[in-house]
Amino acid sequence: MKPLIGISCCVKAFGIFATPNHAASDSYVRVVLGPVGGIPVLLPAAGEALAPGILPRLDGLILTGSRSNVCPEHYQGPPHAEGTPEDHARDATTLPLIRAAIAAGVPLLAICRGFQELNVALGGSLDQRIQDLPGRIDHSTPSDQRLPRIRVAKAHGVRLQPGSLVADLAGRTEIAVNSLHNQGIAQLAPRLAAEAWAPDGTIEAVRVKDAPGFAYGVQWHPEYDWERDAVSRTLFERFGEACIAWARRRDAAAPLAQAAE
């Protein structure tokens, strides 16, 4: 049976009445159906109560990118600049969900905003506008997002830690990635190990050092180019393998747990 993969949703206004909807990009659904090899399950931004009810039923979790930024109240940062998009409902859902998933050993892949959420959930902080900091490059989304090539274009190189997951997948210690974010890691969470860096020092990939299973995050968007980029595709395949292995271990342990009751 294919693994069930949770996909975090944002709250977005739709229609002429700006009705709140729970939404995730089709790119995440397609990548789960594709190289991950799973069944996508959209997770509403329903608050802290979601985690204990849904995690026992999931075989993996993808934390998605989004135009909204993690609210600075969660890392004691200064208020966002006026007009910065926020999503309090998503923060209230994903931050406890991340901690619960790691504790349970559910495989986790965090992308862009999800990468930043992973750092904040484990005690790290964020820079809010990297492009405004001295000596840093502009990592932000180009203004004309209507052009499909913007999402897949390689914006800069990334230096990979030798022996790290992405270095292993790539077979080398440098790759090129897209770049579509304003926020980035400032203080790295104590439980995270950095495994990739942009030319300006911005952290681009992390792993959870003490996680019992697969728990990884990347700042770029591999879901946009997996059909043409081998490293992006194999990252999702490796995540899918971890989800299948997790499901098998859980199912094998279930009869033993029932017998002990």
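Rule-based calculations on the coordinates, nothing more; no lab input. Since we're looking at a predicted model, the values are computed, not measured. Methodologically, a virtual Cβ is constructed for each residue, glycine included, from the backbone with ideal geometry; neighbour enumeration extends over all protein chains shown.
By how many nm would the segment from GLU48 to GLU241 lengthen if fully extended, with 0.36 nm per residue of separation less the alpha-carbon distance?
On the way: separation 193, 0.36 × 193 = 69.48 nm, distance 2.80 nm.
Once the chain is fully extended between GLU48 and GLU241, it gains 66.7 nm.
Taking each pair of different alpha-carbon atoms in the chain once, compute 1/r for the pair, average those values, and report the inverse of that mean as the Kirkwood hydrodynamic radius in Å to one decimal.
Here the Kirkwood hydrodynamic radius works out to 18.6 Å.
Sticking with the crude label model, points 7 Å out along Cα→Cβ, report the distance from ALA230 to ARG250 in nm, one decimal please.
3.3
So, with +1 on the Cβ of K and R and -1 on the Cβ of D and E, and no other charges, what is the size of the charge dipole of the chain about its Cα centre, to the nearest 20 debye? Let's see the in-between values first.
Values: 25 positive and 27 negative charges, 98 e Å.
Computed charge dipole of the chain: roughly 480 debye.
Mind ordering 82-92, 103-113 by average Cβ neighbours within 10 Å, highest first?
Output ranking for 82-92, 103-113: 103-113, 82-92.
Return the single residue from SER179, SER125, SER164 with maximal mean-square fluctuation; model: Gaussian network over the chain, springs between Cα atoms under 10 Å.
Taking springs between Cα atoms under 10 Å, the residue moving most is SER164.
Among residues other than ILE203 whose Cβ falls under 15 Å from its Cβ, what is the net charge (Lys/Arg +1, Asp/Glu -1)?
Values: positive: ARG113, ARG136, ARG159, ARG191, ARG207, LYS209; negative: GLU117, ASP127, GLU195, ASP200, GLU204.
It works out to a net charge of +1.
As a test, work out the antiparallel percent of DSSP beta bridges whose residues both lie in the chain, rounded to the nearest 5.
55
Please compute the length gained on full extension between ASP168 and LEU33, using 0.36 nm multiplied by the number of residues separating them and subtracting their Cα-Cα distance.
Stretched out fully, the ASP168 to LEU33 stretch lengthens by 46.2 nm.
Above 21 angstrom, tally the Cα pairs of segment 174-245 and express them as a % of all pairs, no decimals.
The answer is 31 percent, as a whole percent.
Please list, ordered by chain and number, the residues whose modelled amide H lies under 5 Å from the amide H of ALA45; skip anything fewer than 5 residues away on the same chain.
Sorted by chain and number, the residues that satisfy this are CYS9.
Calculate the spin-label point distance for GLN131 paired with ALA193, positioning each point 7 Å from the Cα along the beta-carbon direction, and give it in nanometres.
3.4
Would you calculate a helix-derived [θ] at 222 nm for the chain, using -39,500 (n - 2.57) for each DSSP H run of n ≥ 4 and dividing by the full residue count, to the nearest 500?
One gets -9000 deg cm²/dmol as the mean residue ellipticity at 222 nm.
Taking 2.2 N^0.38 Å as the expected size of a compact globular protein, what ratio does the Cα radius of gyration of segment 8-160 give against it, to two decimals?
Working it through for segment 8-160, the quotient is 1.09.
For the pair ALA81 and ILE16, how long in nm is the line joining their label points, each one 7 Å along Cα→Cβ?
According to this spin-label approximation, the distance is 3.5 nm.
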